[in-house]
Every structure is written in structure tokens, then in C-alpha cells.
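Undergrad: A single structure is presented below for examination.
What follows is calculated from the coordinates using simple rules that are stated; it is not laboratory data. Note that the structure is a prediction, hence the values are computed from the model and not measured. When we count neighbours, we look across all protein chains shown, and the Cβ atoms used for this are built from the backbone with ideal geometry, even at glycine.
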Amino acid sequence: MLITTRTPPIFWVSLPFYHNDPNPRVISVECQNGFLLSKPSSTTRPYPCHLFRSRRANARSLSLTGTSIYEVMDVNTKICKLCEVGDLRNAVQLLCRSQKSELETKTYCSVLQLCAELKSLEDGKIVHSIICANGLKVVGVLGSKLVFMYVSCGALRDGRRVFDKVLNDKVFLWNFMINEYAKIGDSGEGIYLFRKMKDAGIEANSFTFSCVLKCFAALGNVEGGAQVHGYLWRLGFGSYNSVANSLIALYFKCGRVESAESLFDELSDKDVISWNSMISGYASNGLATKALQFFKEMMWSGIDVDLATIVNVLVACASIGTLSLGRSLHAYAIKAGFDREIMFNNILLDMYSKCGDLDSAIRVFGKMGKRSVVSWTSMIAGYVREGLSDGAIRLFSEMERNGVSPDHFTITSVLHACACNGSLDSGRGVHTYIKEKKMDLSLFVSNALMDMYAKCGSMEEAHSVFSQTPLKDIVSWNTMIGGYSKNSLPNEALILFAEMQQVIKSNSITIASVLPACASLAALERGQEIHGHIMRNGYSSDQYVTNALVDMYVKCGVLVLARSLFDMIPSKDLISWTVMIAGYGMHSFGSEAVATFNEMRNAGVEPDEVSFISILYACSHSGLLDEGWGFFNIMREECNIEPKLEHYACMVDLLARTGNLLKAYRFIETMPIEPDATIWGSLLCGCRIHHDVKLAEKVAERVFELEPENTGYYVLLANIYAEAEKWEEVKKLRERIGHRGLKKNPGCSWIEIKGKVNIFVAGDSSHPQAKKIESLLKRFRTEMREEGYFPKTRYALINADDMEKEMALCGHSEKLAMAFGILSLPPGKTVRVTKNLRVCGDCHEMAKFMSKSASREIVLRDSNRFHHFKDGYCSCRGFW
């Protein structure tokens, strides 16, 4: 009732409450003539709209119901007042109870506006249902408000349905919809709306063009963007800064740097966004140095920098490692107060880690009050970049403990960390987490999982992920093919490559991944087929492909063609030179390797650790002692490269092969780093070449201590004993191997004929042409005796009569493969055989004779090197 006193008048009205509201309240809200006080009433009926779920945005809540309300104000004013104070719950409640005739359009609009502001989609749908139930036409302002409500609440599809039904000629609503599609990444639909708007005759404004140009930029559609550029220029919007800035961003996004520069130069009134667009564009197009220069020009022009400027410049600093400028910007940002912005700190973390200053990144991370998933991911990536994979994995665990949910970028970063240090168990743990969170549905994550398993050597698990990935892209196939090649599974790589060609087109990375498989198998015909594929698809200009192709021909024994391709490379990088140097070394052309190494240095290409391993290897396999020592000294003194185990192994091998066994032994003892089995094994090989049994026994014990399970060294010592005819020692060694439960790897050789790889195992007589092969070998053996050649039976490693030894030697796999090649290949065709073990001395002698007797060039690649047999001579000259 109305009370008249000195104080402002007060009105009591009853409030509707839910039945389950445990805390009814009395709330006052000031109105025009005084105060409205509300109190609970047990007689009020409950809220009739059962779907109602509201939010209270304001601490105060006003609710006026009952007949007495009309004593103060009408229902429209009341609802609008409720909306003004943010009481959506009671505004919608009152709207539900009001009569159609009482409500005005502006009332509906007020409630819809509040629904949009509070992101209350459910309340908005209730209002929409009331509008429909009351038979109102959704046109004009009401239609616009409905669209705005739905889109603001994240229901773009519902908003679009309303939008399509509204005959709207308001440009702001079209702009709003186009911009929303650009925000969610559906740029194609944004462009479609722009064209529809144009066809409807609705006049675009500068904001329209800014929005649609973002869509063209996101799609990388430079042609469409250029057409819009011409259209807006004719309409006179070319001088608008917002439009010009969007055009600059478009052209940079599409790689049209010169077009962006021209637009910037033509701008009469360049604002900070214009400058930022240029700096960002240069940085994203690999022109970071130019971006930094532009930043200096911006400073000289007196333009005040903002947070976006600093962020863009830091990105440029990160890409080229300009740490000093990055630190200066950090100091400036602290003074300007930007260091409180999480986006700035995230970019700062990235800059410091990419510039190699992980300690500074850690300090920034430690001082951050709030850390997002981007912050954690930047730090994890920083640890991986510095080779601290264990730290990255620990940080991932800490991130989980802090309740921060990793995104796909975090997962791929930590998987990369597991891959880098071969942490298979940690990688499996991450995989379990991925499956629990259903993140394996992402192709991005699946590819990272394949890569992790492949680099950790578990191709079975990699293939499991691959087979369970429904939609594979080129990265998936390349990861698997490359994984098989690197894990010594060349057949699987070639099979998968063949499958891939039926499904998806290969790219240059595919070719660079599959060529090593051909090289590993010495599958020349397959390699030549892929070479043809390279020529047809224009991959010859790709440096990685060309280098892999040269390497393939080198390892398939076609050194002349490898050199021809090498000479055709217009700009040779370090890998190109190293592949060629290593190729000459493998084929015993030490002098050519030395000449190529010197040619590389004269071309201004400085050697690295791998280059020196290649040249030292070439010197050792050609007996170039003085040259080898010279390169070893150049590496240490001129190139400041500290020798590693591989370099020392090459030097020991060089000394041992040239007969300097005691020097090699002393060299090992004076090494600054602990020698491994490979180094002692190199000396053991030298003992075999020069028949030093006493030193061999001493060296062998060192080798057996370091690698007791490696049967290759036991076999090597057995060879030394057999050549010295110490059969009792051979027997003891066999017993030692037997007691340890060790098994010698079986000798295996293969030869490719008409695209098919034919495999031969020692003593195997199951081949379809076994009888012809045996007959041919007997004929060669007879001819050898007639010319005074006798089987080197000491290589049989058995204490038996000469006949038994000869029979054992005849079954060696390389002899079988060479004989099959002579039988199967046309006259004059080179016979190319590959063996998984080192060729034995008897097979070496036999190959020399076969090349002379059959007038065939035979190229035999064993586990150590290449042997080119021609006219009774071998390229190795006894050094193997």
C-alpha cells in the first residue's frame, strides 16, 4: 500500500519464488518516486515456464509481480527496469506471465539484449518461443536482436536460420554475420554471405570489406581478394585505414609482399595498426630482418608502439635469434606495463627459448602470475629445443598436477621430447593419456604418435597407430615410410610406398624418405623407377631429393651416375659434398674422396663432424695414412672440432690397415675418451689382415668385455685362428660361444633381377635354379684349379679335410648370388650383389676369377664396403 511520510514513499509487493527456494529475500530498488520494497509471498504461483534456467548477473535482484504492480508502472517499463539492473531471471519470468497485448517490441528486445550479454542461450530460446507463441513477426529490430542473441550465445547456426528469414537491409547485421564466420574459421561461408549481400543490393561499408578480406586471407585466396580490392577501390574505400590494413594482411598472408608494400606506401595516414601489419607480415614471410628494420622506421616516425607492436617484433627476434633486441623490448615492456599481459609473456617465453636463452625463459615463466596452456607449451618446446627432453617430460607432468589441460600443441611437443631421447616408456604413458582424453581422434596428434614410436624404434606400435587412423594425410604416410627406412626395414618401406601411390600423391619428402630404402637394399631397379618418378613430377630441384638420389646410386654401386648427378646440382650444400665423399670412400677411391673434400673447402663450404668421419673413413679404406693424419689435425686445429669416438675409430682403422698395429694400440691407450668396442674391433680387423695372433687375443678380450653378446667379434677372432690353422683355439672359441648361448648371424646375400629381390642363405639349396647354380660354381672351381688357383680352405672355419672345407665354402651365400646373376642377366650386364656380413677371403678370390672368366663386372657390397670386380681385379686392393 502507499505510505505518505517525510521519507520517500514505499510500496510493498509480493514476489514469486520457486517452491524450492530456501532463502526468500526482501530486496529494495530505487524508482522514480521513492523505493520499491519486495517481500516474499506464500500465495504466489510458481514460474510457469518449466524450461527456465537463468543467471543472476547483478548482486541486486528486483522482482515485481501481482496486481499492485500497475499502481506503479506498466509491465513494459517494469521488464525494462529489470533488464537495466541485470535481473534476467525475473525479467523472463514476468515476460512469460504477461499478456500479448501488454508487451511492446522494445521489451522483447531489452530481454534479448540481456540474454546476449549474459550468454544465456536457454533464456533466449524461451523469449524466442514467447515471440512465436504471441504471433509476432520477426522483422526489423526484433529480428536483428534475435540474430544477435543467438550468435552472441555461440549458436551461430540458430542465428543463421533467423537471419535467413529476416528481410534485412541493415548493413551492420550482414557485417556482424560475416565477421562471426571469419572468427570461427568458416571463411567460405563469410565470403558467400558477402556475395549474397552484394546481390541483394545492400551497400557495403568499410567494416564489410575489412571482414570479408579477413575471410579471403584465411583461405589464402589472393585472386578473390584482389577482385574485392578492385571493387572497393571503385567505391572509394581504398583510402580507409581499416580497409587498407586488411588488404595488407591479405597480401602478406598470400605471400604477395610487394603488393602489401605498395599499399602501405600509398597510405597517407598510417596508424599503428598499419605499421604492425607490416612488421607482422614481414616476420610471417621469413623476412624477420626487414621486420626489425621496419620497426626502427616506425620508432623514427614517432608512432607510439602498442602491445601488438612489441609482440610482432618479439616474433621477428625469435625467428632470427636477435636476443639483444629481445631483451631491450622486454625492458621497455616492463616500463610500459605490458608484462602483466599473458599474451606478451607467452611470446617472451618463446623468444628467449628460440634464442637459446632458456634460463631467461625459466625466470619469466617463474614470475608469471597466471599461466595458460600456451605458457606451459612454450616452456616444454624450449626444453626440447635445447635437447633437455627429460626436463620437457617432467614439465608436462607438472603441468598436469597444476590442473592445466594440455592441448594438441602441448601433446605433440612432449611426444617430440620422447622421440628425441628415445623415451619409449614415457611416450607410451603420453599415449595412454591421449586415449583417455580421446585426443587420438586428432590427425595432428596421431602423426606425432607415429613419429615418436618410429624414432624410438617401435615400428609395430607406429603401424598400430597408423592402421587405426581413419583419414591419413601425406604426413602420416611419409612418417611411416621414413620410419621403416631409418629402422632398417627397407622392404616394409617400399611396400608401403607402393600402397601409398594407390591412395594419395607423394611429395618430395616421400621420395627423400623412400630412396634410403632402395639404397639399403641396393635395389637399383626400384631406385631408377623412383628416379623416373622424380623427373616426371619435377622434384629434381629439391635439394633433399637430389642428395638422397646421389646417395642411392652410391649405395647401389653406380658411382659414375652418382657423380654425374652430383655435378648437376647447382648449389651444393654440406650434405651433397659429404654424400659424395663418403661414396668415394665406400668404393675405395680414396684419392677422389680427398680431391672432393678439398674442392668442397675451396667452394667455401666448411666441413662438420660427419664430413670428417667420411674423409677419414675414405683414407682408412684406401691406405692413405699421411692424408688421414693431415685431415685429423685439420679437424682439431683449423676447424676446432673435438674428435669423437667415430673419428678415433677411423684413425685406429687407418693405422691398423696400414700395418701400424702397435701404433694403433698406443693411440687407443692415449685417447682422451674411453674407447668403445668399435675402436678395439677396428684394431682386431687389422690383426686379421696382418696375421698378428698374439695381439689379436689381447685386443679380443677387451672387445668381449665391452660387447660380450656380439657374435661378429667371436667370428673375427675365429677367422684369425683359422688362418693360422690353430684349430684347437677355434674349437675353444666355438665352445665359448655355445656356453654363452650366442648365435652367429647367418650369412645372407641378395640380388635384384627384373625388380624382384632374390635372397640366398649359406648352404641353401631350395632355390628353383639351385642345380644350375651348383653346376656353374663347380665349373668355375675347376677352371680356377687349372689356372693354379686353389680354394682358401682356412676360411671354412672347420677342422676337416680339404674336400669338406671346399664343400662348405661353395655354399657361401655371395657365391650363390653371383652365380645366379651370371645365369639370369643378359651378357655384359653388371652383376650387383649385396651381403649382410663381411665377404670372406675365398669368396673374394672366387669373385675376382668369375669376373675374368665370365667377362662380367661384379659389384659386391658387404657390411664394410664395396668391391668392384673386373678382369680378375678388385677395387679394394686387399684392404677390407
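Undergrad: What percent do you get for the relative contact order of the chain when only Cα pairs under 8 Å and 6+ apart count?
TA: Averaging sequence separation for qualifying contacts and normalising by length gives 4 percent for the chain.
Undergrad: Only Lys, Arg, Asp and Glu count, each charged at its Cβ (+1, +1, -1, -1), so figure out the dipole size of the chain about its Cα centre, rounded to 20 debye. Don't jump to the answer; show the numbers that get you there.
TA: Numbers: 99 positive and 96 negative charges, 495 e Å.
Magnitude of the dipole: close to 2380 debye.
Undergrad: Next question. Grab the other residues whose beta carbon is less than 13 angstrom from that of K170, score K and R as +1, D and E as -1, and report the net. Could you put the intermediate results ahead of the total?
TA: Values: positive: K145; negative: D169, E203.
Computed value for this residue: -1.
Undergrad: Take the Cα gyration tensor of the range 472-557, multiply each eigenvalue by 5, square-root it, and list the three semi-axes largest first, rounded to whole angstrom. Mind showing how you got there, number by number?
TA: Details: eigenvalues 60, 47, 24 Å².
Values for the range 472-557, descending: 17, 15, 11 Å.
Undergrad: Could you pull the Rg and Dmax for the range 276-363, using just the Cα atoms, both in Å?
TA: In Å, with Rg to one decimal and Dmax whole: 12.0, 35.
Undergrad: Computed over the Cα atoms, what is the radius of gyration of the range 454-514 divided by 2.2 N^0.38 Å, N being its residue count?
TA: Numbers: Rg = 10.5 Å, N = 61, 2.2 N^0.38 = 10.5 Å.
That works out to 1.00 for the range 454-514.
Undergrad: For the range 652-719, state the average projected area of the convex hull of the C-alpha atoms over all orientations, rounded to one decimal in nm².
TA: Numbers: hull surface 15.9 nm².
Hull-based average projected area comes out at 4.0 nm².
Undergrad: Two decimals is fine: what is log10 I(q)/I(0) at q = 0.15 Å⁻¹ for the range 547-652, from a Debye sum with one equal scatterer on every Cα and no solvent?
TA: -0.56
Undergrad: Going through the cross-link list K771/K852; K125/K253; K106/K370; K555/K694; K694/K835; K81/K370, which pairs have a Cα-Cα distance over 32 Å in this structure? Numbers along the way, then the final one.
TA: Working: K771/K852 23 Å; K125/K253 39 Å; K106/K370 42 Å; K555/K694 36 Å; K694/K835 30 Å; K81/K370 38 Å.
Exceeds cut-off: K125/K253; K106/K370; K555/K694; K81/K370.
Undergrad: Rounded to two decimal places and with Rh computed the Kirkwood way over Cα pairs, what is Rg over Rh for the range 496-602? Spell out each step's value before the answer.
TA: On the way: Rg = 14.0 Å, Rh = 14.1 Å.
Rounded to two decimals, Rg/Rh equals 0.99.
Undergrad: Relative to the compact-globule scaling 2.2 N^0.38 Å, provide the ratio for the alpha-carbon radius of gyration of the range 694-761.
TA: Working: Rg = 15.6 Å, N = 68, 2.2 N^0.38 = 10.9 Å.
Normalised by 2.2 N^0.38 Å, the Cα Rg of the range 694-761 equals 1.42.
Undergrad: Still on this model: Rounded to two decimals, what ratio of Rg to Rh does the chain give with C-alpha atoms and a Kirkwood Rh? Write down the numbers at each step before the final one.
TA: On the way: Rg = 39.7 Å, Rh = 34.8 Å.
Looking at the chain, the ratio lands at 1.14.
Undergrad: What is the sum of charges around V414, taking Lys and Arg as +1, Asp and Glu as -1, for the other residues whose C-beta is under 12 Å from the C-beta of V414? Please list the in-between numbers first.
TA: Numbers: positive: R394; negative: D390, E398, E400, D407.
Summing Lys and Arg as +1 and Asp and Glu as -1 gives -3.
Undergrad: So for the range 204-360, what are the equivalent ellipsoid semi-axes in whole Å, largest first, each being the square root of 5 times an eigenvalue of the Cα gyration tensor?
TA: Working: eigenvalues 184, 49, 36 Å².
Listed largest to smallest, the semi-axes of the range 204-360 are 30, 16, 13 Å.
Undergrad: Over every pair of different alpha-carbon atoms in the range 105-208, take the mean of 1/r and invert it; report that Kirkwood radius in Å. Can you show the working numbers first?
TA: Values: mean 1/r = 0.0719 Å⁻¹.
Mean inverse Cα-Cα distance, inverted, gives 13.9 Å.
Undergrad: Going by average Cβ neighbours within 10 Å, how do the peptides 387-395, 267-275 rank, with the highest at the top?
TA: Numbers: 387-395: 18.8, 267-275: 15.4.
Ranked from most to least packed, the peptides come out as 387-395, 267-275.
Undergrad: Something else now. Rg and Dmax of the range 341-433, Cα atoms, in Å?
TA: Spelled out, the Cα radius of gyration and Dmax of the range 341-433 are 12.4, 38 Å.
Undergrad: Express as a percent, rounded to the nearest 5, the fraction of DSSP beta bridges in the chain (both residues included) that run antiparallel. Walk me through the numbers on the way to the answer.
TA: Numbers: 18 of 28 bridges.
Rounded to the nearest five, the antiparallel share is 65 percent.
Undergrad: Turning to a different aspect of this structure: What's the long-distance tail for the range 155-251, i.e. % of Cα pairs beyond 17 Å? Mind showing how you got there, number by number?
TA: Values: 2119 of 4656 pairs.
Considering the range 155-251, 46 percent of its Cα-Cα pairs are separated by more than 17 Å.
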